[in-house]
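What follows is a short report on a single structure.
The values are calculated or read from the model by the stated rules, or taken from the named source; none is laboratory data. Since the structure is predicted, the reported quantities are computational estimates derived from the model, not experimental observations. So basically every Cβ, Gly included, is an ideal-geometry build from the backbone, and we count neighbours across all protein chains shown. Ligands, DNA and RNA are excluded from the accessible area calculation, which covers all protein heavy atoms including side chains. Shrake-Rupley method; radii C 1.70, N 1.55, O 1.52, S 1.80 Å.
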Amino acid sequence: MQRAGDRRPRHRGRTLGRTLMRVASARMSSPTDLYLSDELLTDEERALRDRLHDFCEREVTPVINDYWERAEFPFELVPKIADLGLAGGVIKGHGCPGMSATSAGLVSMEWARADGSIGTFFGVHSNLAMQSIDMLGSDEQRDRWLEPMARIDAIGAFALTEPEHGSDAVMLETRARRDGGDWVLDGRKRWIGNGSIADVVLVWARREDDGEVGGFIVEKGTPGYEATVMKGKTALRAVWQADIELNGVRVPDANRLPGCERFRDVARVLTVTRYTVAWRALGVALAAYEHALAYATERRQFGHQIASYQLVQDKLSRMAAEITAMQLLCLRLSALQEDGRLTPAMASLAKMNHAAKARGVVADARDILGGNGILLENHVARHHADMEAVFTFEGTDSIQSLIVGRDLTGISAIAPPRRRDQA
């Protein structure tokens, strides 16, 4: 939102599209699609992508910097996001769109291209929470929750990460004990997107009776569930993530996910949603590159457009190369997901590669903008900060590399072997 008396443009995105069209007018290919990967999409996929892109240009980009700067969640956008009918992604039935894996990837890309905070809100709700219920829930749970969640009448959250267990997610300290026909949950969670505003929270806890991991649906207003919005973040500031305390939270057995018998089942959900994080990294890289390219053609120094200088062209060329490779890998990854051949190592390879490459692209974009690159009004500063979160969440760079390494060698190096005197 533009403050009273502020005569600066509300956002550079208002002219970005026209500038890129002008830049592309003299060439056969788009400056953001050098290998014509758009031709690999169906008409339906292109139409969905373009519809969401136009929505973000119209509704998200003009207002998001102000929310980001104030670290406030844009509740005003939620009904508008709901009207798009995209929540639920690939889920079929229950009012969900049942889109292709590529379409779901494009949706993740476009949200991130506009703003990482909105992408996180939507990704947690539509991918992690809804797909957990669809993949691991009972017929009754799917019937009860998926349709209102598809309408975003009910917001979802995914409570896995704990204060002392980020990368080591399998070592859950949150406990679930059986008490008659109920389960009682005790523990703590951290970094839980939507955790303070959700109507349904998927809580993952270790069952005391067998020591395995189970999933439980905690409904809004359940006594003993306390969520506190985390403060002081330097990334994804416009989405609220929460510290959660679970003190004797009583959940009926009907709210236990019957399809979750062990952590391996949780990992299945993470695998089928992780490929969308690669698309999100691509979206952030695209946004930063587009802004840098447009800026370079407009900004004049020493009497010339900075785009005419070799150092700037070298950066833009290398950024375009990384983006092109990311586009092609994302499309192949989605095809593998579509026909059921996506493996954890494939998903980890893409997340590891794309997060690192996008981080470099955004850094180069910030450099091209010079001092203006740290101003929110130019958007690259926000993407630059948010990319640090993308680089870390849903598995750090190091953990992803070790998942791939385990697949390559057959040897797990994620945790060092224990010495005999520690056994």
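Structural remarks
One line per residue, one yes/no per condition, for (1) more than 16 Å from residue 355 (Cα to Cα); (2) not in a helix (DSSP H, G or I):
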residue: 245; (1), (2): yes, yes
residue: 249; (1), (2): yes, yes
residue: 261; (1), (2): yes, yes
residue: 288; (1), (2): no, no
residue: 291; (1), (2): yes, no
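- Residue within region 408-419 that is touching a residue at least 60 places away in the same chain (Cβ under 8 Å) and either of a type in the set (Lys, Arg) or surrounded by 22 or more Cβ atoms within 10 Å (Cβ to Cβ) (or both) present: no
- Candidate set: region 268-320, residues that are charged (D, E, K, R) and over 23 Å from residue 115 (Cβ atoms); chosen: the one least open to solvent (accessible area, probe 1.4 Å): 315
- Some residue of region 313-329 being farther than 27 Å from residue 99 by Cα, modelled with pLDDT of 95 or more, part of a helix (DSSP H, G or I) and of a type in the set (S, T, N, Q): yes
- Leading residue by the ranking (nearest to the chain's Cα centre (by Cα)) among those in region 243-267 that are open to solvent by less than 40 Å² (accessible area, probe 1.4 Å) and more than 30 Å from residue 232 (Cβ to Cβ): 267
- Among the residues listed as 236, 172, the single one being touching a residue at least 24 places away in the same chain (Cβ under 8 Å) and within 24 Å of residue 268 (Cβ to Cβ): 172
- Check on residue 47, assigned to a helix (DSSP H, G or I), of a type outside the set (Asp, Glu) and free of Cβ contacts under 8 Å to residues at least 40 places away in the same chain: yes
- From the list 405, 395, the one residue that fits, being small (Gly, Ala, Ser), open to solvent by less than 50 Å² (accessible area, probe 1.4 Å) and part of a loop (DSSP other than H, G, I, E, B), is 395.
- Some residue of region 220-241 being of a type in the set (Val, Ile, Thr), within 30 Å of residue 336 (Cβ to Cβ), open to solvent by less than 10 Å² (accessible area, probe 1.4 Å) and not in a helix (DSSP H, G or I): yes
- Of all residues in region 330-342, those satisfying the criterion of being open to solvent by 50 Å² or more (accessible area, probe 1.4 Å) and farther than 10 Å from residue 101 by Cα are 332, 340, 341.
- Some residue of region 353-363 being in contact with a Ser or Thr (Cβ under 6 Å, 6 or more places away or on another chain), under 25 Å from residue 405 (Cβ atoms) and open to solvent by less than 20 Å² (accessible area, probe 1.4 Å): no
- Screening residue 171 with (1) at pLDDT 95 or above; (2) open to solvent by 40 Å² or more (accessible area, probe 1.4 Å) gives one miss only, at (1).
The rows are residues; the columns are (1) more than 21 Å from residue 291 (Cα to Cα); (2) crowded, with 24+ Cβ neighbours inside 10 Å.
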site: 45; (1), (2): yes, no
site: 52; (1), (2): no, no
site: 55; (1), (2): no, no
site: 61; (1), (2): no, no
site: 73; (1), (2): yes, no
site: 77; (1), (2): yes, no
site: 80; (1), (2): yes, no
site: 104; (1), (2): yes, yes
site: 116; (1), (2): no, yes
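- Given (1) touching a Gly at 6+ places or on another chain (Cβ under 6 Å); (2) among the aliphatic types (A, V, I, L, M); (3) under 18 Å from residue 360 (Cβ atoms), number of the condition residue 281 does not satisfy: (1)
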